[in-house]
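Worksheet: the structure to be examined is printed underneath.
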């Protein structure tokens, strides 16, 4: 939970064409104020399989993002004649990608292009993926760059706008497919509105997180939220009381009702 930029890239052409696009995007990233910028990597075959990497491998999450989901049309029928609906993850055959971290409190942003097989095996037999060309989908949560300990709103703005600037370059290169900016800046280019939006998000998240912590009381389903570490958390929590979403009481009750995580995930409470 938190203000996030979602984006996807798409390109046609040969491998060399995709490589030129990624080199151009990576070069632009070098000119932007990212706090850390990784190398442009090229992976293929089993190198693209996240299941072959340990949980602490820095590329594991990136490779999970690189997977696409394709619907499997089942030949079996459920009661009433409806077919079963299932999805299969498709890992890329080739991947060109780099990681760019805007700064403290912000998630890393991953930018890449992946090529996928035309046909894979599924439980229902050969499956047409319909994934021609090169694709990428990812997101970057910038919300918690607004933590005063990280630099507050000015730091948030730098992180958020740095990601937007790289997406602008992707649009110039012709490989940008879609952007959804929860702060509304991508469409509006309105800085005062973005500042107002991040303030509103912080207050609402603080208020909701506080309500959940009061309800769950440090039990096995306690909620971790980065915003509780803000030095001005109590002020935000109080200011956000009137911004809680309708029905939050029911949602808070439900979170407390469902109990702790599955055994394999114990010790990892949900994050806001």
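Bear in mind these aren't lab numbers, they're just calculated from the coordinates by the rules spelled out. Predicted model, so just to flag it, every value in this text is computed and none were measured. Glycine gets a Cβ as well: all are built from the backbone with ideal geometry, and neighbour counts include every protein chain shown.
How about region 11-34: which of its residues are touching a strand residue (DSSP E or B) at 6+ places or on another chain (Cβ under 9 Å) and within 19 Å of residue 159 (Cβ to Cβ)? Within region 11-34, 25, 26, 29, 30, 32, 34 qualify. Inside region 28-50, residues that are surrounded by fewer than 12 Cβ atoms within 10 Å (Cβ to Cβ), assigned to a helix (DSSP H, G or I) and touching a helix residue (DSSP H, G or I) at 6+ places or on another chain (Cβ under 9 Å) make up a count of 1.
Quick check: anything in region 156-165 surrounded by 15 or more Cβ atoms within 10 Å (Cβ to Cβ), more than 22 Å from residue 36 (Cβ to Cβ) and in contact with a strand residue (DSSP E or B) (Cβ under 7 Å, 6 or more places away or on another chain)? Within region 156-165, none of the residues are surrounded by 15 or more Cβ atoms within 10 Å (Cβ to Cβ), more than 22 Å from residue 36 (Cβ to Cβ) and in contact with a strand residue (DSSP E or B) (Cβ under 7 Å, 6 or more places away or on another chain).
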